[in-house]
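A short write-up of the structure that comes next.
Coordinate-derived values only; no laboratory data. Please read these numbers as outputs of a predicted model, since none were measured by experiment. Using ideal geometry, Cβ is built from the backbone for each residue, glycine included, and neighbour counts are taken over all protein chains shown.
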Amino acid sequence: MSKKSRKKTSKTPSASPTAKKKTPKAGASGQTRSAKTLPASASKSSKTGAKSASHKAASKRLKSSEKASKPAVSSSAASATSLTEGQKAPSFRLPRDGGNFVSLSDYAGQKLVLFFYPRADTPGCTREAIDFTRLKGDFAAAATSVLGISADPLKAQEKFRDKHRLGIPLISDEQHEMLEAYGAWGEKSMYGRSFLGILRTTVLIGADGKVAKIWRNVRVDGHADEVLEAARSL
């Protein structure tokens, strides 16, 4: 065998492995492309599913919150008619103008008038408070005490008292506990809008501690005189 033939035979084996190595590369690249394509479609479907699931969850939360919010109005509105004449008057202990506290037990064995007004120093509430102050001596002669109640803070109550020289103790019920117990807190409407607030109400409690008479949706003019007559006849 010549030297030239030896060189040709030595080159042939080195060429065949190269051809074998090129074939797997094409397969690997195809697998890579398919691997990239499949997760992309899977991720889109998973995102779509996640979005639809989140929308469903959000709608469920909204519906549940609406259902939870509705009873709050109805229960408060219902409390406006829960107290009836002949029932035992609900107890209370709340701060009054001047910084002291007042409770129902302070008036045990006495007749007591509670007038609930929406807001201090507004026109209707001012007239009502002035009328009860004007008749304070007549109520005392009828063995009857009078208290005014609203949700105003003590500073507002004291300013109201000083501005109009009121002689009736004013109670501050900022948490609406007494207002709700006496049915003076409920649903109101103004200019087509519904909201919760104080319902102008007056309650006459007898010396036996029971509710003798209730005035709801009070009209201010002549109201204090009407309450005085009821207290005298009790």
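Here are the numbers for the structure shown:
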read-out: Hits in the range 161-180 (condition: in contact with a Leu (Cβ under 7 Å, 6 or more places away or on another chain) and assigned to a helix (DSSP H, G or I)); value: ARG161, MET178
read-out: Long-range neighbours under 8 Å by Cβ, at least six apart or interchain, first residue without any contact (Cβ under 8 Å) to a residue 24 or more places away in the chain within the range 166-184, second surrounded by fewer than 19 Cβ atoms within 10 Å (Cβ to Cβ); value: GLU174/PRO153
read-out: Residue identified as more than 24 Å from LYS210 (Cβ to Cβ) and among the small types (Gly, Ala, Ser) among ALA140, ALA151, ALA89, ALA184; value: ALA151
read-out: Members of the range 203-226 that are touching a helix residue (DSSP H, G or I) at 6+ places or on another chain (Cβ under 6 Å) and either surrounded by 19 or more Cβ atoms within 10 Å (Cβ to Cβ) or under 17 Å from LEU83 (Cβ atoms) (or both); value: LEU204, LYS213, ALA224
read-out: Output for the range 80-99, where each listed residue is under 15 Å from GLY148 (Cβ atoms) and not aliphatic (A, V, I, L, M); value: PHE92, PRO95, ARG96, ASP97, GLY98
read-out: Residues being over 18 Å from PHE139 (Cβ atoms) and out of contact with any Lys or Arg (no Cβ under 7 Å at 6 or more places or on another chain) - total across the range 107-129; value: 6
read-out: Only one of SER145, SER189, SER194 that is assigned to a strand (DSSP E or B), crowded, with 18+ Cβ neighbours inside 10 Å and small (Gly, Ala, Ser); value: SER145
read-out: Of residues in the range 184-206 being of a type in the set (A, V, I, L, M, F, W, C) and in contact with a Leu (Cβ under 8 Å, 6 or more places away or on another chain), the one farthest from THR126 (Cα to Cα); value: ILE205
read-out: Boolean, LEU170 is buried (at least 22 other Cβ atoms within 10 Å of the Cβ) and touching a helix residue (DSSP H, G or I) at 6+ places or on another chain (Cβ under 7 Å); value: yes
read-out: Residue among GLY99, GLY137, GLY109 that alone is over 30 Å from the mean Cα position of the chain (by Cα), surrounded by fewer than 19 Cβ atoms within 10 Å (Cβ to Cβ), in a loop (DSSP other than H, G, I, E, B) and of a type outside the set (Asp, Glu); value: GLY109
